[in-house]
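Everything below concerns the one structure shown next.
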Amino acid sequence: MDSVSSDEVYQDHILPFVSRTFALTIPQLPLGLRTAVTSAYLLCRIADTIEDEPALSPPETLAFLQRFSAVLVGHGDPAALAREIAARLSDRTLATERDLVSNMQRVIRVMSRLNQPQRAAIQRCVALMCEGMPRFQFSASVKGLARSTDLDDYCYYVAGVVGEMLTDLFCDYSPEIARHRSALSGVAASFAQGLQMTNILKDVWEDRSRGACWLPQDVFSRHGVDLGQVASTPFDPRFGAGFSELIGVAHAHLRNALEYTLLIPSKETGIRRFCLWAIGLAVLTLRKIEENPRFTAGAQVKVTRKAVVMTRILTDAAGRSDWLLRGLFALAARGLPLAQLSDFRHTRPAPAGLQEESSSDLEHEMRRSYGNSGS
């Protein structure tokens, strides 16, 4: 087995251990996309692992993320960087994530053998994630984000960039899909924000236990709620009212996700399944959250295995029919609040450069606050 095949086998082996969801959805994609999307997801997961490591100070995290972004474009030794990062990971990092970090050079080798548009899409996505995530982690607290636009920005950097990358990969794969590039790009970040906001709402109490809150204070201020003082019990109906508003926002983004999927030609059943399974499970999760506003843990609003199976069966059966898919979505979303997204900003500027030696105002701010302790 040559090195390329061995590295691809490693990717397929590690994927189910770091994401059960993507281990189900990526195999639905056509062969021409599976390797690229797997590499892209695993590289994003490495960035997440670096970002989430509590043993690293903010300046160290930023330095490692900058170096990781740089090795993707050929600056630096990925094996050496992998060893440095792995040596700093604490017991809070799962063994499978540690394994992925230690083998980053294998994933990078697979990416380096993709075609130029695929490489460029993945490199841009990871660069934006590595630039944007620390901006929010640096100031994370239970007080939440100041404004709804901050939530849009946060979702963009942790998820929206992935939606844009997938759009680029889909368009590179199919000239027919590429004819819809403008329309797809217009809602790609919104699609991803719908999924990300669903996770934020589901995991709100777990995030707070770790000292973070990604809810926007301006929404809750309208209801007289200070996010810094919120607790899961006793239930505060005012908090529930603000939470319901955000369910409406997530619902609206998921409607855009459906429109995105319907722009994919119906003959591309694998790509449609990849999108539809994620959308269906997110809508059902929102339903559970809306119906159980007093939940105190994400497990209480987790979609059941039976619902997962039914989502797969129904979306597969209706996958070629836009009319049936709209009907299924309407049925699944029945009773959910719905917000208007007229002010949603769909795109963000790309970073100025990917070079390791580039510096940012954020880096200077971190180093002033934490000392010159970067890697």
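The values are calculated or read from the model by the stated rules, or taken from the named source; none is laboratory data. None of these values were measured; they are calculated from a predicted model. Here the Cβ is made from the backbone with ideal geometry for all residues, glycine too, and neighbour counts use every protein chain on show.
For this structure, a couple of remarks:
- Long-range neighbours under 8 Å by Cβ, at least six apart or interchain, first residue under 16 Å from E60 (Cβ atoms) within the stretch 127-141, second among the β-branched types (V, I, T): M133/V158; P134/T61; Q137/T61
- Verdict on V187 being within 29 Å of A299 (Cβ to Cβ) and not aromatic (F, W, Y): no
- Condition met for R98 (part of a helix (DSSP H, G or I) and more than 24 Å from the chain's Cα centre (by Cα)): no
- A95 meets all of the listed conditions (1) loosely packed, with under 15 Cβ neighbours inside 10 Å; (2) under 22 Å from L15 (Cβ atoms); (3) not assigned by TED's automatic domain parsing to the domain that holds L29 but one, namely (3).
- Within the stretch 296-342, the set of residues being touching a residue at least 24 places away in the same chain (Cβ under 8 Å) and closer than 15 Å to T198 by Cα comprises A297, G298, V301, K302, A332, A333, L336, P337, L338, A339.
- Long-range neighbours under 8 Å by Cβ, at least six apart or interchain, first residue touching a residue at least 40 places away in the same chain (Cβ under 8 Å) within the stretch 202-221, second in a strand (DSSP E or B): C213/L145; W214/L145; L215/L145; P216/L145; Q217/L145
- Residue list for the stretch 135-185, restricted to those being small (G, A, S), modelled with pLDDT of 95 or more and part of a loop (DSSP other than H, G, I, E, B): G144, A146, S174
- Residue within the stretch 37-57 that is out of contact with any Leu (no Cβ under 6 Å at 6 or more places or on another chain), outside any helix (DSSP H, G or I) and without any contact (Cβ under 8 Å) to a residue 12 or more places away in the chain present: no
- Filtered by the rule that a residue be in a helix (DSSP H, G or I), farther than 20 Å from F170 by Cα and under 19 Å from the mean Cα position of the chain (by Cα), the stretch 12-32 gives I14, L15, P16, F17, V18, R20.
- Residues in the stretch 27-48 that are among the aliphatic types (A, V, I, L, M) and modelled with pLDDT under 95: L31 alone.
- Residue that is farthest from T261 (Cα to Cα), among those in the stretch 58-77 that are of a type outside the set (D, E, K, R) and in a loop (DSSP other than H, G, I, E, B): G76
- Which listed residue is surrounded by fewer than 21 Cβ atoms within 10 Å (Cβ to Cβ) and either over 19 Å from the mean Cα position of the chain (by Cα) or small (G, A, S) (or both), from P54, P59: P54
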